Amino acid sequence: MPATASGGARAEEAASALSLSSSAPFCMGTRPEELAARLVAGGPGGVGGPGGGCGEGGEGEHERVLALREIKNQIIGNRTKKLLYLRLGAVPAVVAALAEPGASPAALVQAAAAAGSFACGVDDGARAVLAAGAVGHLTRLLAHPDDKVVDACARALRMIYQSKQAPMFDVNNEKNMDFLLSLLDSENENVTELAANIISYSCNSNTEQLALCGAGVPQKLVSLFGGSMNLRDACLESMTAIIRNNWEVASRFASMDHGKAFRSIVALIHDRSPRTRLLACLCLIALGHASPCHFLDRQIKTKLILVLLELIEEPGHVGDEAPLALTTLIKDSVELQKQAFSTNAVAKLSNHLLANTLQTRRAVTILLALAELCSKQEESRSQLLSGQVSTLILDALKHDCADIRVAACSCLKNISRSSKVLSAGRLSCDTVIAPLVQLLYDSSTSVQIAALGAICNIAVNLTPRKSVLLHSGVVSQLVHLSKSMDPTLRLKSVLALRNIMFLMNPKDKDLILKELTVSTLSSLICDSEHSVQEQTLALVQNLLDGYVDSVNYVTGEDGMVINAISRQLNSASATGVCIQGMLVLANMAAGNELNKEAVMDVTVPHRADRIKPSFVVNFLQSKDKQLRVATLWCILNLIYPNSDSSSTRVARLQNAGVISQVKNMINDPCLDCKLRVRMVLEHCLDNATAGFM
């Protein structure tokens, strides 16, 4: 989050407008075209032309100050005016005033304020200010003897560093670090707040976090907590940036001054300022995620949940972001989700959502918080669905705002982890599926992906009533999305198809394959993304499961699917792809002789009266125990039951070096592998003693 909201930045800009008396003589036009032309034409030396001196008392300098002030006043909070002045080329002239050695303090104050305003909230403005070299001039002027100039330049730089266009500040550079430390040591709060803003913006890597920690920056930031509210908030944001996802830095901070620094942040969650309380919560959440061992106090965690639930009632940015902070706090934690439930979080969030309808930002963050609360707790799901908010979630699926539609899908995704909620009530499968399927046609890719996530979960928990999904028209759109250029859409659509195929009756499997086609299936097995390949092979497993004739889809049509599987296994793709591929072959090998021979042609194919080295040996040597187990299952199914054909397959496997490798695995560290190894060797021995070898 930006250290200062745009509204705050504009208030500071407006305040600086009072640095010139409103009674000052005004003798120039105020039309943007005229002001920009005067400023551009004047250049170094002022606006006044011949006879206009450039000193503080010169008429030309005075007119330039008036022009700069008028431009600044017009653009504050006015995006349209900013864009107009950008087209008129005013920014280079404004920045030129900062570069002029003889510029008066009044001109520098107005130029700095204008430059900062141009950079605030408008990317093109920020780019223009940066291109004109404003950062270098503003930074140099931080050493100006006039405090008003220093304040104005610090404020302008803070606005620039709120923009994503701002340059990164390399704290690994020794000179830069020394400069940053000098800013933190300044007695001017605008300057120290600027330093904190730079840290928040530029601290993005572990090396930068460690460098700042090693330079003693956390101690300096904590020492500034006693300053103004704006400075304290900026320091909290900086601390969060330094700690985030860095165990070493978080551990050092937690033990700093025997825990005094940590306790100072805990105290700030009770501050009078709602924004300070939110930022203190975010800092503690970052600390807890980076170093859980230093964040074991259950009482503090409960306090965080309660404070964040209170902050949801606050207006504006704080109330909008508090549910998101709660989501981050409880994410993937059963313990914290239980604590949140015990504090009545579901009811409080639901009531707020109902009381304020679907206000864009707040509705998004509340829905996401409810989604997280329902991700692992059946009690939360039941409580959520017992109220009227379930109807609101359905309404949210049709909201004009894409972010709300995404959040509603996320909520449904986690609610549908329970089969109970799909059997009755307002969110039964009959009421949910149709709007979700409609979202698969949404113009927003994010919405499509979120809807696919919900459909994936519903498909798993809807096993007795899969016909509802089939009759919804979802399969044809999933097949269409599986051909998308977006890899995430392809992956999620294949996942949904895989889950729909799970435990489906043979007739319905045929219907899906008719839509999907063998050609598309083989293409997805050879997709450019390993994750898509892996899930497509899992889809083939679900196709084969419990449906004997489905193997014809794998071996038929000139063996398109089995050949695609063979190519992936021979190219030694990602481990997950190899595991799924071997499980498919293991399922096929459990069938009749024709199926077993088809698998043998993949695992140990004949080539000109010799046997090609098999990838199976490499898989048996893999460090991944799941791959070893899957490969052993395939071998076991190939040689069972005992028969003449089985003895022939054993001989081919021996000649390929497969059985020798199996013998080397008799003491495999994985117990499951060890059991399968013994079973394979026993069946080899049975074939030999029965006279088949």
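The values are calculated or read from the model by the stated rules, or taken from the named source; none is laboratory data. Please read all numbers here as calculations on a predicted model, not as lab measurements. Cβ atoms come from the backbone with ideal geometry, glycine included; neighbour counts cover every protein chain shown. Quick note on the areas: whole protein, heavy atoms, side chains included, nothing else; ligands and nucleic acids left out. Shrake-Rupley method; radii C 1.70, N 1.55, O 1.52, S 1.80 Å.
From the helices alone, meaning DSSP H stretches of at least four residues, give me the mean residue ellipticity at 222 nm for the chain, per-run term -39500 (n - 2.57), in deg cm²/dmol to the nearest 500.
-21500 deg cm²/dmol
So with the 1.4 Å probe, I'd like the accessible area per residue for region 258-315, rounded to whole Å².
The answer is 46 Å² per residue.
For region 121-162, state which trypsin sites (Lys or Arg not before Pro) are in a DSSP loop and have at most 13 other beta carbons lying within 10 Å of their beta carbon.
Counting only loop positions with at most 13 other Cβ atoms within 10 Å, none of the trypsin sites (Lys or Arg not before Pro) in region 121-162 qualifies.
Near the amide H of residue 547, under 5 Å away, which other amide H atoms are found, from residues 5 or more places off or on another chain, if H is placed in the peptide plane?
Hits under the 5 Å cutoff: none.
What do you get when you divide the Cα radius of gyration of region 354-478 by 2.2 N^0.38 Å, with N the number of residues? Numbers along the way, then the final one.
Values: Rg = 13.3 Å, N = 125, 2.2 N^0.38 = 13.8 Å.
Rg over 2.2 N^0.38 Å, computed on Cα atoms: 0.97.
Could you provide, to the nearest whole Å², the per residue accessible area of region 576-660 with probe 1.4 Å?
Per residue, region 576-660 has 42 Å² of solvent-accessible surface.
Given region 202-308, what whole percent of its Cα pairs are spread farther than 21 Å?
The proportion of pairs with Cα distances above 21 Å equals 27 percent.
Round to a whole angstrom and tell me the spacing of the C-alpha centers of region 237-282 and region 77-93.
One Cα centre to the other: 40 Å.
Need the list of lysines near residue 82 for cross-linking: C-alpha distance under 28 angstrom, and skip anything on the same chain fewer than eight residues off.
Excluding near neighbours in sequence, the set is 72, 148, 164.
Assuming R0 = 51 Å, what is the FRET efficiency of residue 300 and residue 664, from their Cβ-Cβ distance, to the nearest 0.05? Intermediate values should be presented prior to the final figure.
Numbers: r = 53 Å, r/R0 = 1.05.
About 0.45, to the nearest 0.05.
Scan around residue 132 for amide H atoms under 5 Å from its own, H built in the peptide plane at 1.01 Å from N, and keep only partners 5 or more places away or cross-chain.
Amide H to amide H, under 5 Å and 5 or more residues apart or across chains, residue 132 pairs with nothing.
For residue 351 and residue 223, FRET efficiency with R0 = 41 Å and r from the beta-carbon atoms, rounded to 0.05?
0.50
Please give the length that would be gained between residue 443 and residue 386 if that part of the chain were fully extended, namely 0.36 nm times their separation in residues minus their C-alpha to C-alpha distance (nm, one decimal).
Numbers: separation 57, 0.36 × 57 = 20.52 nm, distance 3.23 nm.
Gain in length upon complete extension: 17.3 nm.
Determine how many Å³ per residue the convex hull of the Cα atoms of region 135-209 encloses. Please report the intermediate quantities before stating the final value.
Details: hull volume 6.1 nm³, N = 75.
Roughly 81 Å³ of hull volume per residue.
List the residues of region 493-515 whose backbone N lies under 18 Å from a point placed 7 Å from the Cα of residue 529 along the Cα-to-Cβ direction.
493-500
Run the quick spin-label model on residue 206 and residue 557: label points 7 Å from Cα toward the beta carbon, then report their separation in nm to one decimal.
4.7
For the Cα atoms of the chain, what angle does the longest principal axis make with the long axis of helix 229-243, in degrees from 0 to 90, nearest 10?
30
Which of the three applies to region 531-588, rounded, prolate or oblate, going by the alpha-carbon gyration tensor with a ≥ b ≥ c and a/c under 1.5 meaning rounded? Mind showing how you got there, number by number?
Details: a/c = 2.10, a/b = 1.39, b/c = 1.51.
Oblate, because a/c is 1.5 or more while a/b does not exceed b/c.
Once you keep just the Cα pairs under 8 angstrom separated by 6 or more residues, what percentage relative contact order results for region 423-527? Provide the component values of the computation, followed by the final result.
On the way: 83 pairs, mean separation 27.1, N = 105.
Once normalised by length, the contact order is 26 percent.
As I understand it, the value is the acute angle between the Cα axis of helix 32-42 and the longest principal axis of the Cα atoms of the chain; what does it come to in degrees, rounded to 10?
Once rounded, the angle reads 70 degrees.
How large is ³J(HN,Hα), in whole Hz, for each residue of region 497-510 in order, when computed from phi with the Karplus curve 6.51 cos²θ - 1.76 cosθ + 1.60 and θ = phi - 60°, using x for Gly and Pro?
Karplus-based 3J(HN,Hα) across region 497-510 equals 4, 4, 6, 5, 5, 4, 6, 8, 6, x, 4, 6, 4, 4 Hz.
Have a look at region 507-549 and give its Rg and Dmax from the Cα atoms, expressed in angstrom.
Values for region 507-549 (Cα only, Rg and Dmax): 10.7, 31 Å.
Using Cα centres only, tell me the gap between region 305-345 and region 113-163 in whole Å.
Their Cα centres are 36 Å away from one another.
Please give the contour-minus-distance gain from residue 672 to residue 81: 0.36 nm per residue of separation, less the Cα-Cα distance, rounded to one decimal in nm.
Gain in length upon complete extension: 205.6 nm.
So for the chain, taking the charge dipole from beta-carbon charges (+1 Lys/Arg, -1 Asp/Glu), which of 130, 436, 416 sits furthest toward the positive end?
Value computed over the given set: 416.
Tell me, what HN-Hα J-couplings in whole Hz come from the Karplus equation 6.51 cos²θ - 1.76 cosθ + 1.60 at θ = phi - 60° for each residue of region 442-451, using x for Gly and Pro?
With coefficients 6.51, -1.76 and 1.60, one gets 4, 6, 8, 4, 4, 5, 4, 5, 5, 5 Hz.
Any idea what Rg and Dmax come out to for the chain if you just take the C-alpha atoms, in Å?
According to the Cα coordinates of the chain, Rg and Dmax are 33.5, 117 Å.
Note the full-extension length gain between residue 342 and residue 679 as 0.36 nm times their separation in residues minus their Cα-Cα distance, in nm to one decimal.
Working it through step by step, the gained length comes to 116.2 nm.
Is there a quick way to get the dipole size of the chain? I mean about its Cα centre, with the Cβ of Lys and Arg at +1 and of Asp and Glu at -1; what is the value in debye to the nearest 20? Walk me through the intermediate numbers first.
On the way: 65 positive and 65 negative charges, 283 e Å.
It works out to roughly 1360 debye.
Given Cα pairs under 8 Å that are at least 6 residues apart, what percent is the relative contact order of the chain? Display every interim value, and only then the final one.
Working: 982 pairs, mean separation 34.6, N = 693.
Relative contact order comes out at 5 percent.
How compact is region 174-257 by the rule of thumb for globular proteins, expressed as Cα Rg over 2.2 N^0.38 Å?
Details: Rg = 11.7 Å, N = 84, 2.2 N^0.38 = 11.8 Å.
Dividing the Cα Rg of region 174-257 by 2.2 N^0.38 Å gives 0.98.
Per-residue HN-Hα couplings for region 523-529, Karplus 6.51 cos²θ - 1.76 cosθ + 1.60 at θ = phi - 60°, whole Hz, x for Gly and Pro?
Along region 523-529, the couplings run 5, 5, 5, 9, 4, 5, 9 Hz.
Name the longest site-free stretch of the chain, where the excluded sites are chymotrypsin sites (Phe, Trp or Tyr not before Pro) in a DSSP loop with no more than 13 other beta-carbon atoms within 10 Å.
Longest gap between qualifying sites, sites excluded: 27-440.
Can you compute the radius of gyration and Dmax for region 542-651, using only the Cα atoms, both in Å?
Cα radius of gyration and Dmax of region 542-651 are 13.2, 37 Å respectively.
Given R₀ = 45 Å, FRET efficiency for residue 623-residue 251 by Cβ-Cβ distance, to 0.05? Display every interim value, and only then the final one.
Values: r = 31 Å, r/R0 = 0.69.
Efficiency, from the Cβ-Cβ distance: 0.90.
Where in region 124-209 are there GluC sites (Glu not before Pro) that are in a DSSP coil and have at most 15 other Cβ atoms within 10 angstrom of their Cβ?
Listed in order of number, the matching sites are 187.
In straight Cα distance, which aspartates and glutamates are under 20 Å from residue 376, not counting same-chain residues fewer than 8 positions off?
Leaving aside aspartates and glutamates fewer than 8 places away in the same chain, those within reach of residue 376 are 332, 335.
Provide the three semi-axes, in whole Å and in decreasing order, of the ellipsoid equivalent to region 242-360 as defined by the square roots of 5 times the Cα gyration tensor eigenvalues.
Equivalent-ellipsoid dimensions as semi-axes: 26, 15, 12 Å.
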